[in-house]
Every structure is written in C-alpha cells, then in structure tokens.
Amino acid sequence: MTNLSDESEEILERLWITGKENKKICTLKKFDLTENDAGLKELQSLKLINFIADKLELTTTGLNEAAKVIRRHRLAERLLTDIIDASKDFLEEAACKFEHGLRRGVDENICVLLGHPRLCPHGRPIPQGKCCLEEIHQTPRIISKLSDVIAGQEGDVAYLQTKNSKKLQRMISMGILPGTRIKMIQTFPTYVFQLGLSQVAVDKEIADEIYLRLINSRVKSKKTENKGWRSGRYRFRRRTP
C-alpha cells in the first residue's frame, strides 16, 4: 500500500486505540473531525474505514494497516527509551515524529535489534510483525532477553517485561532494576548471573522477562550452546556413572 499521510496514520492510530483496545465507539465528534478532513477522505478512498452517520469503523484492511501504524509508534517509543534513553516528557512527542520515518522494512530491523519486544514502555502490547513470527535474526541485537545471552555476556537491565506484580516484586527484591549491570555466569540448568557483589539464579520463566541493553551483540545459538555443553564449559554438566 502507498505510504499514508501523517494525518491519516494518526487517525488510524486513534481508531485502533479507541475502538480495538478500549472497546469504545469512534465518532467524528469524539475525534474532533469533519467529513472534509483530508486524512479521513484518504482513508475512505483506500477503503480503510467505514463511515456511517457519525460512526467510524476500521475495515479488515484498515485493521491490518492500523496495527502496522501502532507497531511503528510503539517500537519508536521502545527504541527511544531503551537505546536513546529519552525522558518521559519527551517520549510521546518524539515517538510521534519518529514513527512516520519507520516505513515498511525499517521497523522490522528495529524490532530485531530490540529483541522483539512485546510491550511498549507504557505496558501496551506491540503488534507482532513478520520478523517476530519468523524470528529473523539477521541484524545483531542491542536489546535481548536474559535467556538469550551467553556465559560471559554483560549488559544493563533495560526493562522488565511482566504484568505479574508478584514476579515483578520478586525481581525488584533481587535487585534486578533498570540500569543495573548484569554479567551472565552460566545458562544451564538455571540462569546464574553476577549482580553487584552477589550471584543470582533464576529460572527460564524469569530470564525471559528480563531484557538487557547488551555491552556487545553476542547472543547464544543452538550451535554455541551445544558446543559449551560438550566441552564442559558450564558449571553443571552431565557426569558418567
């Protein structure tokens, strides 16, 4: 599809949030729009919205296009937060401007770079892209799950991706906080890492929810993992009776 105007993308974004996520009725009055708005006309001409009386609805094609707009915006927020360390006051305005530059293809590279984040900094879901479903890793990651790094890898905690308050409290009580430096010691049978002067062990469920800003871009692969097992590099290894 031809690139939409910024105005049209903003309307799609509002329709997605209001209609799909918040389950509220979308109207011209609520959106402060008129039938003559250029963005609205563009969306109608491309059959991305249905406009009946005062009510606005996304078509099937419109839902797919709106998901892409939302995805670009929330990936922009994630990038600005995790890599550029933008302030919260600056985040929304910057993300709105930045998202329009993340045209098709570029957003996938950023998603891979960030380790396929599922939530934006505000805790809202990021729609999956093709790269998430296929787990394309052609671009070195800067942000990665703790469970994907290898022994010896270092990184700073970028964010904790969990909605479970008990698990979040548990991680915080361990001292796992954004900005904290972590160095992986071993990855099997549990994930053990250096945190300050202490060594902390967590299971995969917890390790999957800790995201690091890597010091370098090495992540583990099956080949590396198997090699480490055979060489006995890990602290816990199979012993022959």
Residue check, Cys96 under 19 Å from Arg72 (Cα atoms), at pLDDT below 80, surrounded by 15 or more Cβ atoms within 10 Å (Cβ to Cβ) and out of contact with any Leu (no Cβ under 6 Å at 6 or more places or on another chain) = yes
Selected residue [assigned by TED's automatic domain parsing to the domain that holds Val106 and within 24 Å of Ile110 (Cα to Cα)] from Leu12, Leu43, Leu48, Leu33 = Leu12
Quick one: Leu48 ticks every box in (1) surrounded by 13 or more Cβ atoms within 10 Å (Cβ to Cβ); (2) over 24 Å from Arg124 (Cα atoms); (3) not β-branched (Val, Ile, Thr) bar one, so which box is it?
-> (2)
Which number in (1) more than 28 Å from His122 (Cα to Cα); (2) at pLDDT 90 or above; (3) of a type outside the set (A, V, I, L, M); (4) surrounded by 14 or more Cβ atoms within 10 Å (Cβ to Cβ) marks the one condition that Pro189 misses?
-> (4)
Selection over the stretch 1-32 where residues are touching a helix residue (DSSP H, G or I) at 6+ places or on another chain (Cβ under 7 Å) and aliphatic (A, V, I, L, M) yields a count of 5
Restricting attention to the stretch 11-22, does a residue exist that is in contact (Cβ under 8 Å) with a residue 60 or more places away in the chain and in a helix (DSSP H, G or I)?
-> yes
Taking the residues in the stretch 18-45 that are touching a Phe, Trp or Tyr at 6+ places or on another chain (Cβ under 9 Å) and not acidic (Asp, Glu) as candidates, determine which candidate is surrounded by the fewest Cβ atoms within 10 Å (Cβ to Cβ).
-> Gln44
Would you pick out the residues in the stretch 132-191 that are free of Cβ contacts under 8 Å to residues at least 24 places away in the same chain, of a type in the set (A, V, I, L, M, F, W, C) and farther than 21 Å from Asp82 by Cα?
-> Leu133
Subset of the stretch 35-57 [within 13 Å of Ile11 (Cβ to Cβ), touching a Gly at 6+ places or on another chain (Cβ under 9 Å) and outside any strand (DSSP E or B)] | Leu43, Leu46, Leu48
Of the residues in the stretch 19-43, how many are under 24 Å from the mean Cα position of the chain (by Cα) and closer than 16 Å to Thr59 by Cβ?
-> 2
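The values are calculated or read from the model by the stated rules, or taken from the named source; none is laboratory data. Small disclaimer: the values here were computed from a predicted structure and weren't measured. Using ideal geometry, Cβ is built from the backbone for each residue, glycine included, and neighbour counts are taken over all protein chains shown.
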